[in-house]
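Values quoted throughout were computed directly from the atomic coordinates according to the rules given, and no laboratory measurement underlies them. Because the structure is predicted, anything quoted here is derived from the model rather than measured. Methodologically, a virtual Cβ is constructed for each residue, glycine included, from the backbone with ideal geometry; neighbour enumeration extends over all protein chains shown.
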Amino acid sequence: SSVPSLKREMRNLSEECSLEPVTVSMAYVYFEKLVLQGKLNKQNRKLCAGACVLLAAKISSDLRKHEVKHLIDKLEERFRFNRRDLIGFEFTVLVALELALYLPENQVLPHYRRLTQQS
């Protein structure tokens with residue numbers, strides 16, 4: 001699956017889990033940063049997408065424990081990977097992003113506009 005189709009999956013899954021468009025936008029920015037760094041390959045791209053959604057949800061939403069669990073269940077089901085791999089990979093992505101999870105508005109806004117115009 002290509003980058004655009006993974007982003008579509010990220011959006012659909014986020015909608016199913018009632019995540020805000022700003023959260024999806026942040027996940028997109030994280031994901032694109034990984035793409036630009038050349039960190040994605042056939043083996044890890046779904047894990048990258050899942051970890052980006054999970055990190056964005058944790059940083060931008062005040063999710064309760066059961067909501068995080070529900071999100072992880074959905075990620076596991078949608079991207080067909082094991083939750084243990086996802087949790088481990090979350091840290092790998094965090095390091096690749098240099099722990100910079102708070103993003104400047106100008107990076108998030110273009111995605112946010114596109115998402116809110118589509119829905």
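Please list 3J(HN,Hα) in residue order for the range 65-70, calculated via the Karplus relation 6.51 cos²θ - 1.76 cosθ + 1.60 where θ = phi - 60°; whole Hz, with x for glycine and proline.
With the stated coefficients, the range 65-70 comes to 4, 5, 6, 5, 4, 4 Hz.
Suppose R0 equals 41 Å; then what is the FRET efficiency for ASN106 and ARG84 from their Cβ-Cβ distance, rounded to the nearest 0.05?
Numbers: r = 36 Å, r/R0 = 0.88.
Given R0 = 41 Å and the Cβ-Cβ separation, E is 0.70.
Say R0 is 22 Å: what FRET efficiency, to the nearest 0.05, do ASN12 and THR116 get from their beta-carbon distance?
Working: r = 16 Å, r/R0 = 0.71.
The calculated FRET efficiency here is 0.90.
Find how many whole Å separate the alpha carbon centroid of the range 63-104 from the alpha carbon centroid of the range 24-40.
13
Given that compact globular proteins tend to follow 2.2 N^0.38 Å, what is the ratio of the alpha-carbon Rg of the range 1-115 to that value? Before the final figure, lay out the partial values.
Numbers: Rg = 12.6 Å, N = 115, 2.2 N^0.38 = 13.4 Å.
Scaled against compact globular proteins, the figure is 0.95.
Given Cα pairs under 8 Å that are at least 6 residues apart, what percent is the relative contact order of the chain?
35
Only residues of the range 1-22 count here: report those whose backbone N is under 18 Å from the spot 7 Å along Cα→Cβ of LEU36, or say none.
Under cut-off, by backbone N: 3-4, 7.
Picking from LEU13, LEU75, LEU94, which is most flexible by a Gaussian network model of the chain using Cα springs under 10 Å?
Highest fluctuation among the options: LEU94.
Stretched out fully, how many nm does the piece from VAL3 to GLU67 gain, at 0.36 nm a residue minus the Cα gap? Intermediate values should be presented prior to the final figure.
Values: separation 64, 0.36 × 64 = 23.04 nm, distance 2.62 nm.
Gain on extension, VAL3 to GLU67, equals 20.4 nm.
Comparing GLY88, GLY50, GLY38, which has the greatest mean-square fluctuation in the GNM of the chain with Cα pairs linked when under 10 Å apart?
GLY38
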